[in-house]
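Worksheet: the structure to be examined is printed underneath.
The values are calculated or read from the model by the stated rules, or taken from the named source; none is laboratory data. Fair warning: this is a prediction, and the values are worked out from it, not measured in the lab. Surface areas here come from the heavy atoms of the whole protein model, side chains and all, with no ligands, DNA or RNA. Shrake-Rupley method; radii C 1.70, N 1.55, O 1.52, S 1.80 Å.
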Amino acid sequence: MKRLEPEIIDYYNAEVVKMISEKYGYSYMDALRQFVSSKTHEMLENEECGFASFGAGAVFEIWETEKVTGDPRQSVYIRGE
């Protein structure tokens with residue numbers, strides 16, 4: 001697995017965690033824990049998955065899909081619908 005550049009991961013962490021915190025009322029640290037421990041984040045770190053081509057809003061939606069379905073691959077961004 002080729003890992004995405006740390007600066008890019010940091011960007012997504014900051015943006016997506018902010019969205020999680022604002023929407024769900026989590027503290028910054030709780031939102032960060034939720035995101036970093038997710039399958040979505042694991043896929044984001046893997047450059048071969050191509051998540052860097054998505055905006056932060058799309059990654060947030062993928063994370064939300066994972067929270068609801070248990071599988072980030074159910075997101076319309078990954079399924080391509």
| said: For residue 46, what residues show an amide H to amide H distance below 5 Å, using hydrogens built from the backbone and excluding near sequence neighbours? | reply: 4
| message | I'd like the accessible area for residue 30: 1.4 Å probe, protein heavy atoms, all chains in place, Å² to the nearest 10. | response | 70
| query | With all protein chains present and a 1.4 Å probe, how do 42, 5, 61, 47 order by accessible area, largest first? | reply | 42, 5, 47, 61
| said: Just to verify a number: what accessible area does residue 1 come out at with the full protein assembly present, 1.4 Å probe, Å² rounded to tens? | reply: 150
| Can you list the aspartates and glutamates whose alpha carbon is less than 14 Å from that of residue 23, not counting same-chain residues fewer than 8 positions off? | 15, 61, 64
| request: Sort all Cα-Cα distances of the chain into consecutive 10 angstrom bins from zero, then give the percent of pairs in each bin up to the one containing the longest distance. | output: 20, 57, 23, 1
